[in-house]
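A short worksheet on the structure shown next.
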Amino acid sequence: MTVSNTAEFLADPVLSLLDVCQSYGSTKVIENLTFSIRKHEFLAIVGPSGCGKSTLLRLMAGHELPLSGRVYRTGKVLTITQHGGLLPWLTAGENVELALRKIPSRRERDAAKAQMLELVGMAGSANTYPHELSGGMRQRIELARALAGSSEVLLMDEPFSALDYLTRLQMRNELVRILSEQPRTIVFVTHDVEEAAQLADRVIVLSARPATLKLELIPGDDVRPRPLTGENVTGSVKKLLRALGMEDRS
Amino acid sequence: MVVMKQIDAGNPLGGNRPAAYRAGGSSPIIPLRIWSLVAPPILTLLFVALWQVLFNTNVLSHTMFPSPLQVVHGFKQELATHRLPEDIVASLWRVAVGFALSIVLGLPAGIALGSSAYVRGAFLPGFNFLRNLSPLAWIGFAIVWFGVGDAPAIFLIFMSIFFPIALSVSADVAAIPVVYQRVADEYGLSKFERLYKVTLPAIMPRFVTTLRVAMGVAWLVVVAAEMVAGHNGLGFAIYDDRNALRQDLLVVHMIVIGVIGVLLDRYLASFAKNPTLQWGFQRQNL
Ligand SMILES: Nc1ncnc2c1ncn2[C@@H]1O[C@H](COP(=O)(O)OP(=O)(O)OP(=O)(O)O)[C@@H](O)[C@H]1O
Ligand SMILES: [Mg+2]
């Protein structure tokens, strides 16, 4: 067994994986993954397509059980899905309310809902159905719902992958702003190494299927989102690409 | 010179639904909405006129076919005797009870079948067997058990639509995307909340279609049931017309049955206009 970040493992993490393996039939998808996540850490996970990132998040969320190994959670986790997890028969506002059902007073519930929609810049779309929204707007609503759910950990599965480049840049700023107002522990799966380098406290690179831990990287300790052209980002991008098998010939 | 055609105008369905692909790309002279309103009555009138002409010119044998005018006359007679409204009410009542009973029992049965592989494993073969059994096969029992009147017709309607309703609901429940169940898990929905916040709304758009199909079958079956085990109702009226060799009334009752069938279907189809069901009728427009 290899335990990376032993210190963090001991320092009361909010989510830990210990020697986790997962297979579907004879297909090994995840092999001996061990790592843990600190409270309010922003952990990015990058890896080739089909390597098992979504599977990893399902294991973290408890939607499936690992073949072997352990997943430890200290509290609730909420997922922002890769392919859209809003309930299409509920309006954007009603979807957010799903997370606020436990608040008994109607007025407080409405206030919390309005606050969350405001936070993600969707205040005007409370009564709109998901199919009437753009992909980026849907992802904002999903983010608002997850934030309203007041869980310690948010699992985000390529949340910005459907967005165009400029919107994605904007959403990175937004996410940092939102997290400064509503601190959360984030597990952020992405294809975009630049995004990982700009946003994350720590980046984990997974190998092709079966996913194993290939590289762990701390892009820097500066203010996020780190400047796109800054040394921390460009340097980290290079290292991440190399770990993913993309040699940079420049 | 290259002529550019404007293709983004004149979509009668509105912007968020792609206009049907038209090879020619020309815009229609009459908007589809008006055309669909005007064309069917015109075609009907033409058909009736042709029918009357064929009758007057003796192309249609007078002993085998009534004329449109005879049918109108028969309709007036039927209205005068008050039998027609009574027959309509009797048939509608039987369909309403049989339909309601089949939904009240078929919806939960379908949800149970769709939610649990164990329930499916036990009951699916039996349901499939009964679904494939023509309801008319039960007529012999229906008369012996229930005599003549409302009960045998209701029983036959139930036997014809309960199983298809349960089976189609079960297929729809089993096909609910797992991501919605996970949302329900993560946000801690109770069993009851899951039912009315996830399962029921998720199947509702398809359920409207199931209801339309079931109503169509029920309306067919009630006529057959009343012909053999009725003392009133539209099916019995048809049976009566046949025995009395009243072909004019036969046509009157056929028209009434068809029109009511269409109206019932229209009514059920209007449920699909509900805004909470719209997601289920959208074409992907990514
Ligand atoms: N239910 C399943 N049954 C069989 N194989 C599965 C199942 N789910 C996932 N897989 C396989 O596991 C592998 C990992 O899938 P996963 O969705 O976790 O990949 P991913 O890293 O999220 O990919 P992407 O970057 O494209 O989203 C894939 O190769 C897929 O074929
Ligand atoms: Mg994935």
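Please enumerate the residues belonging to the range B:57-80 that are open to solvent by 80 Å² or more (accessible area, probe 1.4 Å) and in a loop (DSSP other than H, G, I, E, B).
B:T57, B:N58, B:V59, B:H62, B:T63, B:M64, B:F65, listed by residue number.
Which of the residues spanning the range B:176-205 are hydroxyl-bearing (S, T, Y) and more than 7 Å from every other protein chain (Cβ to nearest Cβ)?
Going residue by residue through the range B:176-205, those that are hydroxyl-bearing (S, T, Y) are B:180, B:187, B:190, B:196, B:199.
Result: B:S190, B:Y196, B:T199.
Rundown of residues vs (1) open to solvent by 50 Å² or more (accessible area, probe 1.4 Å); (2) in contact with a Pro (Cβ under 7 Å, 6 or more places away or on another chain); (3) within 23 Å of B:L195 (Cα to Cα); (4) assigned by TED's automatic domain parsing to the domain that holds A:V20, yes/no style:
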residue: A:E64; (1), (2), (3), (4): no, no, yes, yes
residue: A:T81; (1), (2), (3), (4): no, no, yes, no
residue: A:K113; (1), (2), (3), (4): no, no, no, no
residue: A:S134; (1), (2), (3), (4): yes, no, no, no
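Do you know which residues across the range A:53-64 are out of contact with any Ser or Thr (no Cβ under 7 Å at 6 or more places or on another chain), within 13 Å of ligand 1 (Cβ to nearest atom) and within 14 Å of chain B (Cβ to nearest Cβ)? Before you say what the answer is, go through the steps one by one.
Our first condition is that a residue be out of contact with any Ser or Thr (no Cβ under 7 Å at 6 or more places or on another chain); within the range A:53-64, this holds for A:53-56, A:58-60, A:62-64.
Checking the rest, the ones that are also within 13 Å of ligand 1 (Cβ to nearest atom) come to A:53-56, A:58-60, A:63-64.
Selection gives A:S54, A:T55, A:R58, A:L59, A:M60, A:H63, A:E64.
To keep it simple, each residue is scored yes or no on (1) farther than 22 Å from A:F160 by Cβ; (2) in a loop (DSSP other than H, G, I, E, B).
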| residue | (1), (2) |
| --- | --- |
| A:G50 | no, yes |
| A:M60 | no, no |
| A:E64 | yes, yes |
| A:L87 | no, yes |
| A:E94 | yes, no |
| A:A99 | no, no |
| A:R107 | yes, no |
| A:A112 | yes, no |
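Anything in the range A:187-214 that is assigned to a helix (DSSP H, G or I) and open to solvent by 10 Å² or more (accessible area, probe 1.4 Å)? List them, or say none. Reasoning before the result, please.
Taking the range A:187-214 as the starting set, the residues that turn out to be assigned to a helix (DSSP H, G or I) are A:193-199.
Listed by number, the residues that qualify are A:V193, A:E194, A:Q198.
So, A:L33, is that one under 18 Å from the mean Cα position of the chain (by Cα), assigned by TED's automatic domain parsing to the domain that holds A:D192 and in a strand (DSSP E or B) or not?
Criteria met by A:L33.
Go through the range A:69-117 and give me each residue that's in contact (Cβ under 8 Å) with a residue 40 or more places away in the chain and within 16 Å of ligand 2 (Cβ to nearest atom).
A:T79, A:I80, A:T81, A:Q82, A:G84, A:G85
Could you please give the count of residues in the range B:235-286 that are part of a loop (DSSP other than H, G, I, E, B) and within 14 Å of another protein chain (Cβ to nearest Cβ)?
Filtering the range B:235-286 for residues part of a loop (DSSP other than H, G, I, E, B) gives B:244-246, B:274, B:282-286.
Narrowing further to those that are within 14 Å of another protein chain (Cβ to nearest Cβ): B:274, B:282-286.
Residues meeting the conditions: 6.
Select from the range A:157-172 the residues that are hydrophobic (A, V, I, L, M, F, W, C) and within 13 Å of ligand 2 (Cβ to nearest atom) and list them in ascending order. Break it down stepwise before answering.
Filtering the range A:157-172 down to residues hydrophobic (A, V, I, L, M, F, W, C) leaves A:160, A:162-163, A:166, A:169, A:171.
Result: A:A162, single match.
The values are calculated or read from the model by the stated rules, or taken from the named source; none is laboratory data. Note that the structure is predicted; figures quoted are calculated from it, not measured. Reconstructed Cβ throughout: ideal geometry from the backbone, glycine too, with neighbour counts over all protein chains shown. When the accessible area is computed, the model is the full protein with side chains, heavy atoms only, and any ligands, DNA or RNA have been set aside. Shrake-Rupley method; radii C 1.70, N 1.55, O 1.52, S 1.80 Å.
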